1. Report the one residue of 29, 14, 70 whose Cα lies farthest in the direction of the positive end of the charge dipole of the chain (charges on C-beta: Lys and Arg +1, Asp and Glu -1; origin at the Cα centre).
2. What are the extents of the Cα atoms of the chain along their three principal axes, in Å, largest first?
3. Filter the GluC sites (Glu not before Pro) in segment 16-72 to those in DSSP coil with at most 14 other Cβ atoms within 10 Å of their Cβ, and list the result.
4. Where Lys and Arg each count +1 and Asp and Glu each count -1, what net charge lies around residue 59 among other residues with Cβ under 11 Å from its Cβ?
5. Let me have the 222 nm mean residue ellipticity of the chain computed from DSSP H runs of 4+ only, each contributing -39500 (n - 2.57), with the sum over all residues rounded to the nearest 500.
6. Rounding to the nearest 20 debye, state how big the charge dipole of the chain is about its Cα centre with +1 on each Lys and Arg Cβ and -1 on each Asp and Glu Cβ.
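Nothing in this text is a laboratory measurement; each read-out follows from the coordinates by a stated rule. Model, not experiment: these values are computed from the prediction. Don't worry about glycine lacking a Cβ; one is built from the backbone with ideal geometry, like all the others, and counts go over all protein chains shown.
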Amino acid sequence: MSVTLSLRLPDDLADALDRIANETERSKSFHVQKAIEYYLKEQADLQIALDRLHDSSDSAISTDEMRKNLGL
């Protein structure tokens, strides 16, 4: 199942989307969908990082200790 979504883009962004769609011979919808998927994944990764940063039971190590553990 899919959902139709309508949105307004600034002219410069709409032009860039037109260009990339023409260059790749893919639809604008394809590129918008991929951009949203990427954004949502990045937001999820950011939230995980922030949760770990604020978790006092999740220990941090120094850069030197990390290099030693990796054998660098």
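1. 29
2. Extents along the principal axes, in whole Å: 49, 28, 27.
3. 25
4. Numbers: positive: 52; negative: 55, 58, 65.
The answer is -2.
5. -22000 deg cm²/dmol
6. Numbers: 9 positive and 14 negative charges, 35 e Å.
The dipole magnitude comes to about 180 debye.
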